[in-house]
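These notes concern the structure reproduced below.
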Amino acid sequence: MLRIALSEVRSGAVETAGEIAPDDAILAIPGVRLLEPLTVTGRFSSAGGEKYYWKAALSTVLRIECRRCLEPVDVPLRQSLGLVFSAGDDAPEGDGVYVIPTRTQLLDLTEAIREEFHLAVPRFVECRPDCRGLCSRCGANLNNGPCGCEPSTDPRWDALRAHR
């Protein structure tokens, strides 16, 4: 995992680099599989006082089911991050701001990576823009052609069909 000695940062910015294995539990999301390790690169620097700034990038390739036809889709993930870490008991916490516990000497970036990765993963993926999905009756993939089910008719229109 990525850990930063805060004493090193006081003398200048620290380059960060690491990988998290695709099967690591911190990256587990139901219905999402990593095909490559999650690569993390960045630069961790002091922002004055008890604040630090981490400019980083996450990258990997995900396999997610198409939301319409359920076929697997490989999705490259590239996410840039700009995160603030603030030390002290009265440090504000919010979007992109992480609190460093008092007396921390070695900062573990794992939780920030996990949270930012989970936010970066797309909720819905389509195999292609014109995906036809699955037949609602038999479940056949309509991208492979018609399924053979009889077209359904709405019985409310039967009275009008009788007057043709």
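The values are calculated or read from the model by the stated rules, or taken from the named source; none is laboratory data. A quick note: this is a predicted structure, and the numbers were derived from the prediction, not measured. Here Cβ is always computed from backbone atoms with ideal geometry, including for glycine, and neighbour counts include all displayed protein chains. The protein model used for the area step is the full one, side chains on, heavy atoms only, and it has no ligands, DNA or RNA in it. Shrake-Rupley method; radii C 1.70, N 1.55, O 1.52, S 1.80 Å.
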Quiz prompt | segment 139-158, residues that are within 32 Å of the chain's Cα centre (by Cα) and either aliphatic (A, V, I, L, M) or not in a helix (DSSP H, G or I) (or both) | solution = 139, 140, 141, 142
Quiz item: When only residues in segment 1-11 that are open to solvent by 30 Å² or more (accessible area, probe 1.4 Å) and in a loop (DSSP other than H, G, I, E, B) count, which is modelled with the lowest pLDDT?
Solution: 1
Exercise. Kindly establish whether residue 77 is loosely packed, with under 13 Cβ neighbours inside 10 Å and either over 20 Å from residue 5 (Cα atoms) or among the hydroxyl-bearing types (Ser, Thr, Tyr) (or both).
Key: no
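So, in segment 117-137, exactly how many residues are β-branched (Val, Ile, Thr) and closer than 14 Å to residue 72 by Cα? Give the steps one after another, and end with the answer.
The initial filter retains those residues of segment 117-137 that are β-branched (Val, Ile, Thr), namely 121, 125.
Remaining after also requiring closer than 14 Å to residue 72 by Cα: 125.
Of the residues in segment 117-137, 1 are β-branched (Val, Ile, Thr) and closer than 14 Å to residue 72 by Cα.
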Quiz item: For residues in segment 25-42 being in contact (Cβ under 8 Å) with a residue 24 or more places away in the chain and part of a strand (DSSP E or B), which is nearest to residue 11 (Cα to Cα)?
Solution: 42
Quiz item: For segment 129-149, how many residues are within 30 Å of residue 58 (Cα to Cα) and either surrounded by fewer than 12 Cβ atoms within 10 Å (Cβ to Cβ) or at pLDDT below 95 (or both)?
Solution: 2
Practice problem: Determine whether segment 106-127 contains at least one residue that is over 22 Å from residue 10 (Cα atoms), part of a loop (DSSP other than H, G, I, E, B), of a type outside the set (Phe, Trp, Tyr) and open to solvent by 80 Å² or more (accessible area, probe 1.4 Å). | Solution: yes
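Answer yes or no as to whether residue 94 is open to solvent by 30 Å² or more (accessible area, probe 1.4 Å) and either modelled with pLDDT of 90 or more or of a type outside the set (Asp, Glu) (or both). Full working, then the answer.
Details: open to solvent by 30 Å² or more (accessible area, probe 1.4 Å): yes; either modelled with pLDDT of 90 or more or of a type outside the set (Asp, Glu) (or both): yes.
Taking the combined requirement at face value, the residue satisfies it.
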Quiz item: When you scan segment 5-23, how many residues do you find that are more than 15 Å from residue 110 (Cα to Cα) and hydrophobic (A, V, I, L, M, F, W, C)?
Solution: 4
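Let's see how each residue does on (1) farther than 13 Å from residue 117 by Cβ; (2) open to solvent by 30 Å² or more (accessible area, probe 1.4 Å):
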| site | (1), (2) |
| --- | --- |
| 16 | yes, no |
| 19 | no, yes |
| 46 | yes, yes |
| 52 | yes, no |
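Looking at 59, 86, 45, can you tell me which residue is assigned to a strand (DSSP E or B) and either among the aromatic types (Phe, Trp, Tyr) or within 30 Å of residue 126 (Cα to Cα) (or both)?
Values: 86 fails: either among the aromatic types (Phe, Trp, Tyr) or within 30 Å of residue 126 (Cα to Cα) (or both); 45 fails: either among the aromatic types (Phe, Trp, Tyr) or within 30 Å of residue 126 (Cα to Cα) (or both).
Answer to the selection: 59.
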